[in-house]
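Notes for the one structure printed next.
The values are calculated or read from the model by the stated rules, or taken from the named source; none is laboratory data. Because the structure is a prediction, the values reported are computed rather than measured. Don't worry about glycine lacking a Cβ; one is built from the backbone with ideal geometry, like all the others, and counts go over all protein chains shown.
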Amino acid sequence: MQQHALIQLIENIAQNDGDYSTPIPALMVYRRSTASEPIPCIYGLGLGITLQGRKRVTLGNEVFDYGHEQSMVTSIDLPVASYVTQATVHEPYLGMRLELDARVIAQMAAEMDFLTPLKASAVRALSVVSMDQGLLDALARLVHLFDEPHLIPLLAPLIEQEIVVRLLNGEHGPTLRHLVTVGAPSQQIAKVIAWLKLHFTTDIAIDDLAAKAYMSPSTFRQHFRAITGISPLQYVKQLRLQDARQLMLNDDVDASSAAIRVGYESASQFSREYTRLFGEPPLRDIKRVRESS
């Protein structure tokens with residue numbers, strides 16, 4: 001029943017197709033009336049919920065489908081391709097995404113007693129599981145706060161903490177616990193990824209990245225791929241290409257200048273790799289995106 005109530009609440013916010021911010025800064029809602037093309041993007045630390053319709057996310061060579069009875073958690077920034085696979089005008093795709101705070105996760109995890117010990121092996125930084133009623137109740141209460149905006153600063157953080165506790169206590173738990181466990185491979189890789197987000201336009205040596213994670217190069221590559229689904233070099237490449245796309249879309253930068261600004265030395269290599277990721281050469285892709293917008 002709570003899911004139907006949430007659908008009605010989200011439909012009141014998202015009455016037309018689009019992405020909608022909300023009075024709660026960490027929460028976004030989405031509506032689509034048709035299936036969409038794959039859109040390369042970065043999923044950060046957060047919880048994704050599909051309330052109606054279906055969605056597909058590809059990470060490297062892996063495909064994750066999730067519908068109205070499932071939720072998705074990503075624990076570190078992941079370059080994925082995301083697209084709606086089931087939506088109609090009468091039953092549009094409706095979804096939510098809540099950004100999670102790593103500090104809150106660490107605090108809540110430190111205060112909780114877990115029945116099962118955390119294995120030391122690397123865990124994929126993306127998990128899809130069935131939703132439980134407690135999580136749905138908490139999300140509904142969060143959305144209901146839109147009607148009481150004066151209470152949002154006081155109550156929203158408390159409900160967000162509850163959501164984190166429920167995620168840690170459920171099937172998403174291992175994905176999030178590895179993020180905050182000192183010395184765990186996932187935490188070391190997360191630190192490297194945080195560094196890469198700030199320095200991806202510079203020349204990057206795998207040996208230097210491995211040293212930052214306190215691992216040998218071979219162990220670093222193994223853990224990085226196990227956690228993110230792709231190699232370190234592929235990760236850097238996707239950061240560069242997605243940043244270049246935003247430069248061309250938002251700052252009206254030409255393709256050659258964008259390539260140089262994100263770290264490419266060869267314009268032709270940039271064009272080839274851009275086409276491979278986005279499906280079309282830079283100029284044609286940017287024109288298509290602008291026309292569709």
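Grab the strands (runs of 3 or more DSSP E) fully contained in the stretch 24-63, keeping just those with 2 or more residues being closer than 18 Å to Gln8 by Cα and out of contact with any Pro (no Cβ under 9 Å at 6 or more places or on another chain). Let's see the steps before the verdict.
Working: elements: 27-32, 39-43, 46-52, 54-59.
Where strands (runs of 3 or more DSSP E) fall fully within the stretch 24-63 and carry at least 2 residues being closer than 18 Å to Gln8 by Cα and out of contact with any Pro (no Cβ under 9 Å at 6 or more places or on another chain), they are 27-32, 46-52.
Across the stretch 197-212, what is the total count of residues that are part of a loop (DSSP other than H, G, I, E, B) and either touching a strand residue (DSSP E or B) at 6+ places or on another chain (Cβ under 9 Å) or not small (Gly, Ala, Ser) (or both)?
5
For the stretch 126-165, which positions are over 19 Å from Thr22 (Cβ atoms) and either buried (at least 19 other Cβ atoms within 10 Å of the Cβ) or of a type in the set (A, V, I, L, M) (or both)? Working first, answer last.
Of the stretch 126-165, the ones over 19 Å from Thr22 (Cβ atoms) are 126-134, 165.
The answer is Leu126, Ser127, Val128, Val129, Met131, Val165.
Checking Pro157 against (1) under 21 Å from the mean Cα position of the chain (by Cα); (2) assigned to a helix (DSSP H, G or I); (3) in contact (Cβ under 8 Å) with a residue 24 or more places away in the chain, which test does it fail?
Result: Pro157 passes all but (3).
Is it the case, given these coordinates, that Gln15 is farther than 26 Å from Ala125 by Cβ and in contact with a strand residue (DSSP E or B) (Cβ under 9 Å, 6 or more places away or on another chain)?
Here the answer is yes, as Gln15 does meet what is asked.
Taking the options Val165, Val192, name whichever one is within 26 Å of Ala5 (Cβ to Cβ), outside the structural domain of Ala244 (by TED's automatic domain parsing) and β-branched (Val, Ile, Thr).
Working: Val192 fails: within 26 Å of Ala5 (Cβ to Cβ).
Within the list Val165, Val192, the selection yields Val165.
Which of the residues belonging to the stretch 10-58 are without any contact (Cβ under 8 Å) to a residue 40 or more places away in the chain, more than 17 Å from Tyr83 (Cβ to Cβ) and surrounded by 14 or more Cβ atoms within 10 Å (Cβ to Cβ)?
Tyr20
This table checks each residue for (1) surrounded by fewer than 18 Cβ atoms within 10 Å (Cβ to Cβ); (2) at positive phi; (3) part of a loop (DSSP other than H, G, I, E, B); (4) free of Cβ contacts under 8 Å to residues at least 60 places away in the same chain.
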{"position": "Thr85", "(1), (2), (3), (4)": "yes, no, no, yes"}
{"position": "Leu94", "(1), (2), (3), (4)": "no, no, no, no"}
{"position": "Val104", "(1), (2), (3), (4)": "yes, no, no, no"}
{"position": "Gln107", "(1), (2), (3), (4)": "yes, no, no, yes"}
{"position": "Leu115", "(1), (2), (3), (4)": "yes, no, yes, yes"}
{"position": "Lys119", "(1), (2), (3), (4)": "yes, no, yes, yes"}
{"position": "Val123", "(1), (2), (3), (4)": "no, no, yes, no"}
